Amino acid sequence: MNVLFIEDDMIESMKMQRAISKFESKHNIIEAKNGEEALAILNEGNLPDIILLDLNMPRMSGIEFLGVLKANPRFKYLPTIILTTSENRVDLLKCFEIGIAGYIIKPLKYEDYEFKLKRVFDYWEISELIKA
């Protein structure tokens, strides 16, 4: 599965790489440090199967990125899962209003993070995905 991981925090990127290295299935992770970089990747034609998106980023927030993504006919059906520390209900509601596929709150304990991430990957491995 091809995954676009949009995250500005290097520690979070390392944590993601560490977690998926333990999964049985191998995944291709394309990383972007912000929404602008992610849009450039998408515009090059590198369409992922799913997008994992942090909300709190510089230059373009996750919610701003979602607005641009879902307004584009080429990208609007890409399943986008929020992976964030924000427990703000306003953020959650806004993201679902825009059209996300899920909202995952990053737990503090690494083992819980790995557990949640594994469940996300397991689900999307068996879900029928739209191929562009």
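The values are calculated or read from the model by the stated rules, or taken from the named source; none is laboratory data. The structure presented is a predicted model; accordingly, all values stated were derived computationally and were not measured. Cβ sites come from the backbone with ideal geometry, for glycine too, and all protein chains shown count toward neighbours. Side chains are part of the model used for accessible areas, which takes the heavy atoms of the whole protein and leaves out ligands, DNA and RNA. Shrake-Rupley method; radii C 1.70, N 1.55, O 1.52, S 1.80 Å.
Probe of 1.4 angstrom, ligands and nucleic acids ignored: what's the accessible area per residue over region 1-99, in square angstrom? Could the numbers behind the result be given before it?
On the way: 5010 Å² over 99 residues.
Ligands and nucleic acids excluded, the figure is 51 Å² per residue.
In this label model, V68 and K116 are separated by 2.6 nm, measuring between points 7 Å along each Cα→Cβ vector. Accessible surface for D49 stands near 20 Å², nearest 10, in the context of the full protein assembly shown (1.4 Å probe). Computed extension length for E87-N56: 10.0 nm, one decimal, from 0.36 nm per residue of separation with the Cα-Cα distance subtracted. Which of the lysines could be linked to K109 by a straight reach, that is with a Cα gap under 22 Å, when you skip same-chain ones fewer than 8 residues away? Here the lysines satisfying the reach criterion relative to K109 are K15, K22, K118. For a modelled paramagnetic label at Q17, 7 Å from Cα along Cα-to-Cβ, the residues of region 107-121 in reach, with backbone nitrogen under 18 Å, are 114.
Listed by chain and number, the lysines whose alpha-carbon sits under 24 Å from that of K76, ignoring those within fewer than 8 places in the same chain, are K33, K94, K131. When +1 charges are put on Lys and Arg Cβ atoms and -1 charges on Asp and Glu Cβ atoms, the dipole computed for the chain relative to its Cα centre reaches about 180 debye.
Percent of accessible area on the chain owned by carbon and sulfur, 1.4 Å probe?
Details: 3870 of 7230 Å².
With neighbouring chains kept in place, the figure for the chain is 54 percent.
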